[in-house]
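Peer 1: Let me begin by handing over the structure; questions about it come next.
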Amino acid sequence: MQSLVSITDFTKQDILRALERAAAFEVNPHQPLLNGKVIATLFFEPSTRTRLSFETAISRLGGRIIGFSDARSTSISKGETLKDTIMMVANYADLIVMRHPLEGAARYASEISRVPIINAGDGANQHPTQTLLDLYSIQKTQGKLNGINIAMVGDLKYGRTVHSLLQALSLFNAHFNFIAPQELAMPQEYRLLLESRGIAYEEHTDLAENIGEADIIYMTRVQRERFLDPMEYERVKNVYVLHNKMLNNTKPNVKILHPLPRVNEISADVDSNPKAYYFEQAGNGVFARMAAICMLLRL
Ligand code: CP
């Protein structure tokens, strides 16, 4: 039983196949491949894009959705465990999409569930379907995945989207430029992974001076919900704000991506710049998630 808990659960060939399928779904989104199937969406942590794009993907594929967007409305509030919740839902659904604040929760669920699990984000760990839509967005805008120069900006310590994306792009010979304050630097395990694969990376703390060579500027939010110390969050929350004028000396092909939601880190004056791509990126999530669901259900 295959689940998608980490992007490393997919081989490079699986990733390329997912992107091909996403492209086919974008051309023809109304394919009733999930007729008769029930998909559960269990969101133990807030979400707008991930949950709604999964539910759009399931609806477009003709499937039915059960689930919750607030665990307080479930028997978890009476003390039911994650194990019992997953065991129960696996009796009702053909596949479970799950977001949880604890790192490792989705892996644990995949070990006890008799139906596949898709990790829709587990704490600061992984967000593999975000990575599929990010790769799809990079491929669409740059015409290739190989050899991309990517600047990852902001909360690289707790940002599950950059962790998953780094692992995937390391298969495609990317050049990485990490732009973060020291407190939010890319964790050592990910830097060691790049070193073990002979992939180049740079680390900087200044934003404006270090985006001139980028094909992709991947902005991230400093996530208040990941900080144990509110004072530490206050110190770093507005450390980077991308303004329109900072894009003047960037490459003509550069695109700004952001998994969203944003708070202050991209100024609203960037939204109308053709280099901004974050809303289209979120739209691509529907096609990428259609592809992931069909691959896991072998449809
Ligand atoms: N990108 C992302 O995970 O957004 P949501 O938290 O709104 O799902």
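The values are calculated or read from the model by the stated rules, or taken from the named source; none is laboratory data. All values reported here derive from a predicted model rather than from experimental measurement. Here the Cβ is made from the backbone with ideal geometry for all residues, glycine too, and neighbour counts use every protein chain on show.
Peer 1: Looking at (1) on the phi < 0 side of the Ramachandran plot; (2) part of a loop (DSSP other than H, G, I, E, B), which one does G36 not meet, given that it meets all the others?
Peer 2: Of everything listed in (1) on the phi < 0 side of the Ramachandran plot; (2) part of a loop (DSSP other than H, G, I, E, B), G36 misses just condition (1).
Peer 1: Output the residues belonging to region 219-257 that are touching a residue at least 12 places away in the same chain (Cβ under 8 Å), of a type outside the set (D, E, K, R) and farther than 18 Å from G159 by Cβ.
Peer 2: If the condition is that a residue be touching a residue at least 12 places away in the same chain (Cβ under 8 Å), of a type outside the set (D, E, K, R) and farther than 18 Å from G159 by Cβ, then H243, N244, M246, L247, N249, T250, N253, V254 are the ones that fit.
Peer 1: Provide a single number: the residues in region 36-57 that are aromatic (F, W, Y) and away from the ligand (no atom under 11 Å from the Cβ).
Peer 2: Of all residues in region 36-57, those aromatic (F, W, Y) come to 43-44, 54.
Filter once more, keeping what is away from the ligand (no atom under 11 Å from the Cβ): 44.
The total comes to 1.
Peer 1: Can we say V89 is buried (at least 17 other Cβ atoms within 10 Å of the Cβ) and in a helix (DSSP H, G or I)? Break it down stepwise before answering.
Peer 2: Details: buried (at least 17 other Cβ atoms within 10 Å of the Cβ): yes; in a helix (DSSP H, G or I): yes.
Against the criterion (buried (at least 17 other Cβ atoms within 10 Å of the Cβ) and in a helix (DSSP H, G or I)), V89 qualifies.
Peer 1: Quick one: what pairs do we get from region 266-289, first residue closer than 17 Å to R51 by Cβ, second outside any helix (DSSP H, G or I), C-beta under 7 Å, 6+ apart or different chains?
Peer 2: Matching pairs, first to second residue: Q281/L257; A282/L260.
Peer 1: Just a yes or no: is a residue in region 97-116 among the hydroxyl-bearing types (S, T, Y), within 16 Å of the ligand (Cβ to nearest atom) and surrounded by 13 or more Cβ atoms within 10 Å (Cβ to Cβ)? Show your work before the answer.
Peer 2: Step one: filter region 97-116 for residues among the hydroxyl-bearing types (S, T, Y), giving 108, 110, 113.
Filter once more, keeping what is within 16 Å of the ligand (Cβ to nearest atom): none.
Within region 97-116 (the criterion being among the hydroxyl-bearing types (S, T, Y), within 16 Å of the ligand (Cβ to nearest atom) and surrounded by 13 or more Cβ atoms within 10 Å (Cβ to Cβ)), the answer is no, since none of the residues qualifies.
Peer 1: Got at least one residue in region 164-180 being away from the ligand (no atom under 16 Å from the Cβ), in contact with a Phe, Trp or Tyr (Cβ under 6 Å, 6 or more places away or on another chain), assigned to a strand (DSSP E or B) and not basic (K, R)?
Peer 2: Checking region 164-180: at least one residue is away from the ligand (no atom under 16 Å from the Cβ), in contact with a Phe, Trp or Tyr (Cβ under 6 Å, 6 or more places away or on another chain), assigned to a strand (DSSP E or B) and not basic (K, R).
Peer 1: Let me ask something additional. What are the pairs, 6+ residues apart or on separate chains, where a residue within region 198-218 that is in a loop (DSSP other than H, G, I, E, B) has its Cβ under 7 Å from a residue that is among the polar types (S, T, N, Q) and surrounded by fewer than 14 Cβ atoms within 10 Å (Cβ to Cβ)?
Peer 2: Cβ pairs passing all conditions: G212/N249; D215/N253.
Peer 1: A further question follows. Could you tell me which of the residues D70, D94 is within 16 Å of the ligand (Cβ to nearest atom) and over 18 Å from the mean Cα position of the chain (by Cα)? Explain how you work it out, then say what you get.
Peer 2: Details: D94 fails: within 16 Å of the ligand (Cβ to nearest atom).
Unique residue meeting the criteria: D70.
Peer 1: Does region 128-136 contain any residue that is assigned to a helix (DSSP H, G or I), modelled with pLDDT under 95 and of a type in the set (A, V, I, L, M)? Walk me through how you get there before you give the answer.
Peer 2: Quick first cut of region 128-136, residues assigned to a helix (DSSP H, G or I) only: 128-136.
This time we only want the ones that are modelled with pLDDT under 95, so: none.
Within region 128-136, none of the residues are assigned to a helix (DSSP H, G or I), modelled with pLDDT under 95 and of a type in the set (A, V, I, L, M).
Peer 1: Surrounded by 15 or more Cβ atoms within 10 Å (Cβ to Cβ) and either over 30 Å from L82 (Cβ atoms) or at pLDDT below 95 (or both), is that true of L19?
Peer 2: On the way: surrounded by 15 or more Cβ atoms within 10 Å (Cβ to Cβ): yes; either over 30 Å from L82 (Cβ atoms) or at pLDDT below 95 (or both): yes.
The answer is yes for L19.
Peer 1: Also, quick follow-up: Just to be sure, is R298 within 30 Å of I39 (Cβ to Cβ) and free of Cβ contacts under 8 Å to residues at least 12 places away in the same chain? Give the derivation first.
Peer 2: Working: within 30 Å of I39 (Cβ to Cβ): yes; free of Cβ contacts under 8 Å to residues at least 12 places away in the same chain: yes.
Judged against the criteria, R298 is a match.
Peer 1: Quick check on this structure: which one of E26, E45 is touching a strand residue (DSSP E or B) at 6+ places or on another chain (Cβ under 7 Å) and either in a helix (DSSP H, G or I) or surrounded by 14 or more Cβ atoms within 10 Å (Cβ to Cβ) (or both)? Give the derivation first.
Peer 2: Working: E26 fails: touching a strand residue (DSSP E or B) at 6+ places or on another chain (Cβ under 7 Å).
On inspection, the qualifying residue turns out to be E45.
Peer 1: For L82, all conditions in the list (1) within 16 Å of the ligand (Cβ to nearest atom); (2) surrounded by fewer than 22 Cβ atoms within 10 Å (Cβ to Cβ); (3) under 17 Å from S69 (Cα atoms) hold save one; what is the number of the exception?
Peer 2: That leaves (1) as the condition not met.
Peer 1: Continuing with the same structure: Tell me which residues, restricted to region 234-261, are surrounded by fewer than 16 Cβ atoms within 10 Å (Cβ to Cβ) and within 24 Å of the chain's Cα centre (by Cα).
Peer 2: Of everything in region 234-261, those that are surrounded by fewer than 16 Cβ atoms within 10 Å (Cβ to Cβ) and within 24 Å of the chain's Cα centre (by Cα) turn out to be N238, V241, H243, N253, P261.
Peer 1: Residues being part of a loop (DSSP other than H, G, I, E, B) and either in contact with a His (Cβ under 7 Å, 6 or more places away or on another chain) or within 16 Å of the ligand (Cβ to nearest atom) (or both): count how many of those fall in region 253-299.
Peer 2: We begin by selecting, within region 253-299, every residue part of a loop (DSSP other than H, G, I, E, B); these are 253-254, 258-265, 267, 271-275, 277, 297-299.
This time we only want the ones that are either in contact with a His (Cβ under 7 Å, 6 or more places away or on another chain) or within 16 Å of the ligand (Cβ to nearest atom) (or both), so: 258-263, 265, 267, 277.
Residues flagged as part of a loop (DSSP other than H, G, I, E, B) and either in contact with a His (Cβ under 7 Å, 6 or more places away or on another chain) or within 16 Å of the ligand (Cβ to nearest atom) (or both) within region 253-299 amount to 9.
Peer 1: How do the pairs read when you match residues in region 35-49 that are closer than 16 Å to Y92 by Cα with residues anywhere that are more than 12 Å from the ligand (Cβ to nearest atom) and among the basic types (K, R), using Cβ under 9 Å and keeping only pairs 6 or more apart or on different chains?
Peer 2: Close Cβ pairs satisfying both conditions: G36/R64; K37/R64; V38/R64; I39/R64.
Peer 1: Among the residues that make up region 198-218, is at least one of them crowded, with 18+ Cβ neighbours inside 10 Å, farther than 17 Å from I138 by Cα and not hydrophobic (A, V, I, L, M, F, W, C)?
Peer 2: Looking for residues that are crowded, with 18+ Cβ neighbours inside 10 Å, farther than 17 Å from I138 by Cα and not hydrophobic (A, V, I, L, M, F, W, C), one finds at least one in region 198-218, hence yes.
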